[in-house]
Amino acid sequence: MTSMGKTRRAVSVGLCAAAVTAGLTAPAQAADGPAQRDAAGWSLEDTGTDVRFRGLAPVSRRTAWVAGSKGTVLRTADGGRSWLDVSPPGAEGLEFRDVEAFDGRRAVVLAIGEGEASRVLRTEDAGATWTESFRNTDPKAFYDCMTFFDRRHGLAMSDPVDGKYRILSTGDGGRSWKVLPNAGMPAALPGEAGFAASGQCLVSSGPKDVWLATGGGATARVLHSADRGLNWTVAESTIPAGDPARGVFALAFRDRTHGLAVGGDYRADHASPQAAAVTGDGGRIWRQARTAPPAYRSGVTWLPHSSSAALAVGPTGTDLTTDRGRTWRTVDSGSFDTVDCAPDFGCWASGEKGRVARLEF
């Protein structure tokens, strides 16, 4: 690409990012029905179902996958105007909490639960057929989240087994999996676990870095590995814990150093002060947001091609930061469990009662 072409692309990306941020800070309007727009720019799409979608994988502005309760997986290829039910046959009893998509045809879904309820399934034909590539046989394991570094290498994590988090690894795009040795994993705190709330308790950035979010113990911690899950370091976050319902629920890293954490207490009748934190050194030190979201948040994502803007979502609304997570402002009151963006500004959110929305600007 010529220098002039690179300059034009950079200007285009910058203007697009500015347009998204400007739209998100517009005065609020209500949006309760399908395909309506609100202050956050969310355009609600009719999915034709009332299941809860905690798993979300945007591919682009036109293509996205969602996965949720009752073994449900949906896919859109037209920006959410229509959704195709591509649920695996016989999966009605499974609880899908995470989906990772490589494109419009290839995707991997994670089912959570104790023992054999935790499974991984993969499709290579847009959901026409599915292959089960992993079924947990250890009754002490409970898998929560997964992430991929690229189209081949990925990890899934389980709550602690015999005092340490268990990490599952694939090197062939999810076709096969193996449990990694736990010699490099720090001991878990009493009562500590991950939260399968948004598919974002295990996230990666770049070819080898991965972070794991925890709660339930005396402190809410973030674990980091720089070698695809073999060795881990641990840091305390500033998000309150000390209760099975409190901790870090979601992480987002825009590169291997700059990250965001959100969480709180998921119980509707409990306050969630200090529900956001930020790091600028890869997760070694976490600092409390000066102005945090006003309530529990379960999902978070950076806006594409922006070094400062990000979104957080939860049952009571969507929040925006334009200063790298130091301050947050509520821009919408609709309920979502998770949020994520594709590089072409295809930002999506999903949650309860079949709610799926795409960011319009």
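None of the figures in this text is laboratory data; all of them are computed from the coordinates on show. Being a predicted model, the structure only gives us computed values, none of them experimental. Counting neighbours? That spans all protein chains shown, and the Cβs are built from the backbone with ideal geometry, glycine included.
Descriptive notes on the structure:
- Considering only Pro89, Thr129, Ala277, and ranking their Cα positions along the charge dipole of the range 43-359 that arises from unit charges at the beta-carbon of Lys, Arg, Asp and Glu, the one farthest toward the positive end is Ala277.
- Each peptide in 354-361, 186-193 was scored by the mean count of other Cβ atoms within 10 Å over its residues; highest first, the order is 354-361, 186-193.
- The chain, helix-only ellipticity at 222 nm - DSSP H runs n ≥ 4, -39,500 (n - 2.57), divided by all residues, nearest 500: -2000 deg cm²/dmol
- Listed residues Glu45, Glu132, Glu100, most fluctuating in the chain (Gaussian network, C-alpha, under 10 Å): Glu132
- Rh (Kirkwood; distinct C-alpha pairs) - the range 207-361, Å: 15.3 Å
- Taking the inverse of the mean 1/r over every pair of distinct Cα atoms in the range 110-224 gives a Kirkwood hydrodynamic radius of 14.4 Å.
- Among Arg152, Arg246, sorting on how many other beta-carbon atoms sit within 10 Å of each Cβ, with the fewest leading, yields Arg152, Arg246.
- Candidates Gly346, Gly282, Gly242: whichever shows maximal mean-square fluctuation once the chain is modelled as a Gaussian network with Cα springs under 10 Å: Gly242
- The chymotrypsin sites (Phe, Trp or Tyr not before Pro) of the range 301-357 include none that DSSP puts in a loop with a beta carbon having at most 15 other beta carbons within 10 Å.
- The Arg290 and Ala226 beta-carbon pair, evaluated with R₀ = 41 Å, returns a calculated FRET efficiency of approximately 0.90.
- Between Ala128 and Arg329, the contour length at 0.36 nm per residue exceeds the Cα-Cα span by 68.2 nm.
- Rounded to the nearest 20 debye, the dipole magnitude of the chain is 1000 debye, with +1 charges on Lys and Arg beta carbons, -1 on Asp and Glu beta carbons, and the Cα centre as origin.
- Here the Karplus relation 6.51 cos²θ - 1.76 cosθ + 1.60, evaluated at θ = phi - 60°, turns the backbone of the range 237-245 into coupling constants of 8, 9, 6, x, 9, x, 7, x, 9 Hz, with x for every Gly and Pro.
- Charge sum, other residues only, whose C-beta stays under 11 Å from Arg329's C-beta, Lys/Arg counted +1 and Asp/Glu -1: -3
- Between the range 173-189 and the range 302-361, the alpha-carbon center distance in angstrom: 30 Å
- Computed log10 I(q)/I(0) for the range 43-359 at 0.11, 0.12, 0.16 Å⁻¹: -0.58, -0.70, -1.35, from the Debye equation with unit scatterers placed on every C-alpha and solvent omitted.
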